[in-house]
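Read the structure below first, then the notes.
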Amino acid sequence: LNARAETGTVDCPIIQIEANDEITSFGRKISRSAWNELTRHYQVFGGFGGHMDMLKQPNLEQNARLTKAILEGLMGK
């Protein structure tokens, strides 16, 4: 899940919705932040709730709204 095995780049956006309890102290080789190197369009959005609670109420509705806004923004480009 947290490993990055790609060696080239991808021609698509990578969007990360980060949990409140996101672990950010990974080494460079397994950092999700290293996904920035894979694409010209990488964004991180702050999500709602801890990782295991993002799809539970009350966080589910807030994360669904965030996901909808992100998708609408991508479709508008």
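Details
- Residue ID - farthest from the chain's Cα centre (by Cα), chosen from residues in segment 1-42 that are exposed (fewer than 13 other Cβ atoms within 10 Å of the Cβ) and either at pLDDT 90 or above or within 20 Å of K68 (Cα to Cα) (or both): D11
- Close pairs (8 angstrom Cβ cut-off, 6 or more residues apart or separate chains): under 28 Å from L60 (Cβ atoms) in segment 18-47, modelled with pLDDT of 65 or more and loosely packed, with under 13 Cβ neighbours inside 10 Å anywhere: E18/G46; N20/G46; T39/T9; T39/V10; T39/D11; T39/C12; H41/C12
The values are calculated or read from the model by the stated rules, or taken from the named source; none is laboratory data. Predicted, not measured: the structure shown is a model, and the values here were computed from it. Backbone-built Cβ (ideal geometry, glycine too); neighbour counts: all protein chains shown.
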